[in-house]
Amino acid sequence: MSSSDPLADFKNFFTGLGNLNTADQVTAFFQYYWYVWLILSLAVVAIIAVNAAIIYYFCHHRRLNKLDPNTGDKRLYDKDWGMTKPQQSVFIPVEQNKQEQEEETPEDIADYDDGKFAIEALMEHNQFRIQHGAAPLIANEYLNKAAADWARELARMNELRHSPDQWRRYQGSVLGESLAYFIGPILRGDRMTEMWYREVRRHDFNSDLQENSLHFSQLIWKNTREVGFGRCQTEDKKQWYGVALYYPPGNFPNQFALNVQPRSDMEDFRLA
């Protein structure tokens, strides 16, 4: 049996540990101080569990606040923390340069750099957004870099696939992403944007999320404010991969009525 003073029991427990010489003494000792031994055992288990949780946290999430050395911003490759993610289209637009179109000269191609590509894509995006009652987007240099990074990865793989959610983590959300594939000497920003906007022909403005027009709906999504563009040509110089990243992302179910509006004829006057 234990005494009525728990503190004295703990003191006597540690004192008595050094005086155990025989098996009978050990048995009798732990029978007498059984509840002290139980409390100490549970405390050890709790300490081990807390330490294991701390180790797990730092092993899996220690890069959460790691900064990109080139930009000073948080990188987009950390784990998803259960946040709502935008819908991504599995229908990637593919376009080939038509023979009847005017051929690009080598001088035109050399003069059209990635900076002009991003500016042209932004201007074309905003042209379409105004027609649908959405505010113009703002260029985000960090998103431009991230989009260019993934475009280079697509060109290296020579395969169309959306980037992992970890790649697109930014400001507490998963970025919206649109991809394009173009066969020809040069991919221009306006042409890439038009490839996505053509999905308006099959979009039903009276319905919610539609898998076959998600590039279009992301393009004019009202709540999106910032965007970045990137492109990369394959090693054989015959194909291009284009990427756009959007923040905040669009294409959330049950939000289409508020964020995707039909084109208004009145907008023709604003564009004149």
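Per-residue answers, yes or no, for (1) basic (Lys, Arg); (2) closer than 24 Å to Trp240 by Cβ; (3) open to solvent by 50 Å² or more (accessible area, probe 1.4 Å):
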| residue | (1), (2), (3) |
| --- | --- |
| Ile138 | no, no, yes |
| Tyr170 | no, no, no |
| Met195 | no, yes, no |
| Arg201 | yes, yes, yes |
| Asn206 | no, no, yes |
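Out of Asn212, Asn206, I need the residue that is assigned to a loop (DSSP other than H, G, I, E, B), of a type outside the set (Gly, Ala, Ser) and either closer than 26 Å to Asn144 by Cα or without any contact (Cβ under 8 Å) to a residue 24 or more places away in the chain (or both). Which one?
Asn206
Is there a residue being over 27 Å from Asp111 (Cβ atoms), assigned by the TED database to the domain that holds Tyr142 and out of contact with any Ser or Thr (no Cβ under 6 Å at 6 or more places or on another chain) anywhere in the range 225-236?
yes
Report whether or not Ile220 is touching a residue at least 24 places away in the same chain (Cβ under 8 Å), closer than 18 Å to Pro253 by Cβ and of a type in the set (A, V, I, L, M).
In short, yes.
Under 8 Å between Cβ atoms, at least 6 apart or on separate chains: pull out the pairs that start in the range 111-131 with a residue that is basic (Lys, Arg) and end on any residue that is open to solvent by 40 Å² or more (accessible area, probe 1.4 Å) and not in a helix (DSSP H, G or I).
Pairs that qualify, where the first residue is basic (Lys, Arg) and the partner is open to solvent by 40 Å² or more (accessible area, probe 1.4 Å) and not in a helix (DSSP H, G or I), are Arg129/Ala135; Arg129/Pro136.
Just one of Leu160, Leu154 is at pLDDT 95 or above and more than 9 Å from the chain's Cα centre (by Cα); which is it?
Going through Leu160, Leu154 in turn, the sole match is Leu154.
Identify the residue in the range 223-264 that is among the hydrophobic types (A, V, I, L, M, F, W, C) and under 18 Å from the mean Cα position of the chain (by Cα) and, among all such residues, is most open to solvent (accessible area, probe 1.4 Å).
The extreme case among them is Phe252.
Mind checking which pairs have a first residue in the range 178-196 that is assigned by the TED database to the domain that holds Asn251 and a second that is buried (at least 18 other Cβ atoms within 10 Å of the Cβ) and basic (Lys, Arg), Cβ under 7 Å, 6 or more apart or different chains?
Listed by first residue and then by second, the contacts come to Leu187/Arg231.
The values are calculated or read from the model by the stated rules, or taken from the named source; none is laboratory data. These numbers come from a predicted model, not from an experiment. Ideal geometry is used to build each Cβ from the backbone, glycine not excepted, and the neighbour counts take in all protein chains shown. Note: areas computed on protein heavy atoms with side chains; ligands, DNA, RNA excluded. Shrake-Rupley method; radii C 1.70, N 1.55, O 1.52, S 1.80 Å.
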